[in-house]
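All of the numbers you see were taken from the coordinates with simple rules; none came from a lab. Since this is a predicted model, take the numbers as computed values, not measurements. Cβ sites come from the backbone with ideal geometry, for glycine too, and all protein chains shown count toward neighbours.
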Amino acid sequence: MKDFCVVIGAGLAGATAARVLAEAGERVLIVEKLNHVAGHVRDEFDEYGVLIHAYGPHIFHTDNSEVFRFLSRFTKWHHYQHKVLSYVDGMLVPFPINRDTIAHLFGVNISTSEVKDFLKSEVKRSTFNDPPQNFEDAVISQVGERLYEKFFKNYTIKQWSRDPKELSADVAKRIPTRSNRDSRYFSDRYQGLPKFGYTKLVEKMLDHPQISVLTSCDYFEIVKDLKAKFTVYTGLLDEFFDYSHGRLEYRSLKLVFETYDEVHHQAASVVNYPNDYDWTRITEFKYMTGQKSDKTTLCYEYPLDKGEPYYVVMSDENVKKRERYMKEVAKLEETREYLFLGRLAEYKYYNMDQVVKRSIDQVSNWLKGE
Ligand code: FAD
Ligand code: UDP
């Protein structure tokens with residue numbers, strides 16, 4: 001009998017969709033191919049008792065009070081403002097670029113208004129397309145070529161393994177430039193980590209009498225036997241359509257976790273390495289989780305072409321391919337039997353809050369019959 005909804009994937013998109021459906025009285029089966037819930041925000045205690053993020057560092061940040069209120073029903077927060085240092089010219093300097101970054105790097109005492117003038121003159125002596133056509137143009141139009149080369153060029157080549165000219169200018173919008181001394185990575189109103197971790201948060205979201213969770217189960221292996229009235233899909237977009245428009249590119253990471261017999265090992269929760277080593281960044285989780293321990297675990301991120309799909313790749317070719325898939329998605333969604341949500345299913349470089357917002361909005365619209 002078609003009296004239940006199925007949600008594929010128990011990450012934040014799936015968990016939010018399941019919860020909103022369940023609270024509206026729908027029966028929900030959530031199917032997850034991994035042997036655990038929480039998808040890419042999974043955290044767990046390692047063998048040394050240190051809380052780590054299994055799929056790389058996750059800091060929650062949003063300006064959206066509806067999203068913050070929704071998640072706050074399932075967790076208390078460890079309030080934390082994320083800060084990052086970048087290892088450039090043998091120095092650890094604040095990143096995103098701010099007044100202190102420029103002062104340290106160039107050994108000058110500089111005021112906020114002088115930083116604005118400095119950046120203007122850096123941009124003026126640089127060559128780029130205006131308006132910006134790609135990632136490289138977008139960064140150079142903000143900070144000029146010299147700072148682009150020190151902080152962005154090689155990190156981006158390492159991370160994406162392609163010429164930064166082939167990446168969308170939208171990727172650059174993730175990183176602000178500041179002329180003041182604000183050294184936070186994000187400037188959103190709400191920032192932090194779930195007090196007892198992301199896994200506990202997702203478990204709490206799924207703890208509802210109308211929700212059943214099936215882990216270690218691939219949707220495509222059981223789809224023929226499922227007769228759901230409504231399917232919310234949060235897996236890979238191209239896989240759903242059997243790659244009929246070709247494969248979309250996903251960028252992967254090798255994450256190497258190292259534990260040290262020290263209270264702290266590095267100077268900040270994240271240190272970026274644009275120009276040195278094969279890793280892009282190192283995260284020391286205790287700074288962000290606030291955990292107290294005499295040991296500390298760090299995560300080294302090495303970008304990879306293949307493997308677990310961590311990132312969508314914002315190149316022209318992928319964006320065009322995505323459009324073709326999204327036309328198929330629109331046809332399915334018109335039937336009101338399907339909804340595609342999340343980073344993988346919409347092939348969008350979403351942050352956590354954007355995924356939660358999309359899920360709340362889209363599922364609420366479906367419930368209203370829209
Ligand atoms: P996922 O978490 O990937 O969930 C999809 C789920 O579907 C997975 O569990 C998968 O196993 C399951 N699935 C797929 N196919 C099937 C199938 N056939 N059958 C059953 N199950 C299936 N965002 C922030 O806001 N702040 C950060 O600091 C931040 N840091 C990040 C760091 C890294 C390294 C990465 C890669 C991402 C980061 N993000 C961050 C983004 C964040 O991870 C995503 O926005 C969010 O986790 C996406 O949730 P989702 O539910 O769409 O996808
Ligand atoms: N980036 C860079 N230098 C840095 C940090 C980021 O060039 O020190 C670029 C890089 O292309 C990266 C993008 O900005 O992929 C987005 O950075 P963000 O920190 O948002 O990446 P994420 O946390 O999603 O891995």
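Filter the cross-link list Lys124/Lys348; Lys204/Lys327; Lys116/Lys153; Lys33/Lys229 down to pairs whose alpha-carbon distance in this structure exceeds 25 Å.
Values: Lys124/Lys348 33 Å; Lys204/Lys327 35 Å; Lys116/Lys153 22 Å; Lys33/Lys229 21 Å.
Violating the 25 Å limit, Cα to Cα: Lys124/Lys348; Lys204/Lys327.
May I ask for the angle, rounded to the nearest 10°, between helix 112-124 and the longest principal axis of the chain, with both axes built from Cα atoms and the value confined to 0 to 90°?
It works out to around 90 degrees.
Grab the other residues whose beta carbon is less than 14 angstrom from that of Ala268, score K and R as +1, D and E as -1, and report the net.
+2
Give the shape of the range 1-72 as rounded, prolate or oblate, defined through the alpha-carbon gyration tensor: a ≥ b ≥ c are the square roots of its eigenvalues, a/c under 1.5 means rounded, and otherwise the shape is prolate if a/b is larger than b/c and oblate if not.
oblate
So if each residue of separation counts as 0.36 nm, and I subtract the Cα-Cα distance between Lys165 and Val108, what length gain in nm does that give?
Details: separation 57, 0.36 × 57 = 20.52 nm, distance 3.17 nm.
Extra length from Lys165 to Val108 when fully extended: 17.4 nm.
Cut-off is 10 Å between beta-carbons; in what order do Cys5, Cys217 appear when sorted fewest neighbours first? All intermediate terms of the calculation are to be shown ahead of the outcome.
Values: Cys5 25, Cys217 16.
Exposure proxy ranking, most exposed first: Cys217, Cys5.
Of Thr75, Thr234, Thr215, how do they rank once you tally other Cβ atoms within 10 Å and put the fewest first?
Working: Thr75 20, Thr234 29, Thr215 13.
Fewest to most other Cβ atoms nearby, the residues stand as Thr215, Thr75, Thr234.
Quick one: net charge around Asp305, please, counting Lys, Arg +1 and Asp, Glu -1 for every other residue with C-beta under 13 Å from its C-beta.
For residues surrounding Asp305, the net value is +4.
For a quick check: sort Glu370, Glu317 by the number of other beta carbons within 10 angstrom, fewest at the front.
Numbers: Glu370 8, Glu317 12.
The most exposed by this proxy come first: Glu370, Glu317.
Which pairs, out of Lys158/Lys286; Lys158/Lys224; Lys165/Lys254; Lys195/Lys321; Lys195/Lys331; Lys165/Lys306, put more than 31 Å between their alpha-carbon atoms?
Among Lys158/Lys286; Lys158/Lys224; Lys165/Lys254; Lys195/Lys321; Lys195/Lys331; Lys165/Lys306, the Cα-Cα distance tops 31 Å for Lys158/Lys224; Lys195/Lys321; Lys195/Lys331.
What translational diffusion coefficient, to the nearest whole µm²/s, does the chain have by Stokes-Einstein, given a Kirkwood radius computed over alpha-carbon pairs, a temperature of 37 °C and 0.692 mPa s viscosity?
For these conditions, the coefficient is 149 µm²/s.
Rounded, prolate or oblate: pick one for the range 9-166, where a ≥ b ≥ c are the square roots of the eigenvalues of its C-alpha gyration tensor, a/c under 1.5 means rounded, and failing that, prolate if a/b is larger than b/c, else oblate.
Judged from the Cα gyration tensor, the range 9-166 comes out prolate (a/c at least 1.5, a/b above b/c).
Quick check: from the Cα gyration tensor, does the range 232-362 come out rounded (a/c under 1.5), prolate or oblate?
Here the range 232-362 falls in the prolate category.
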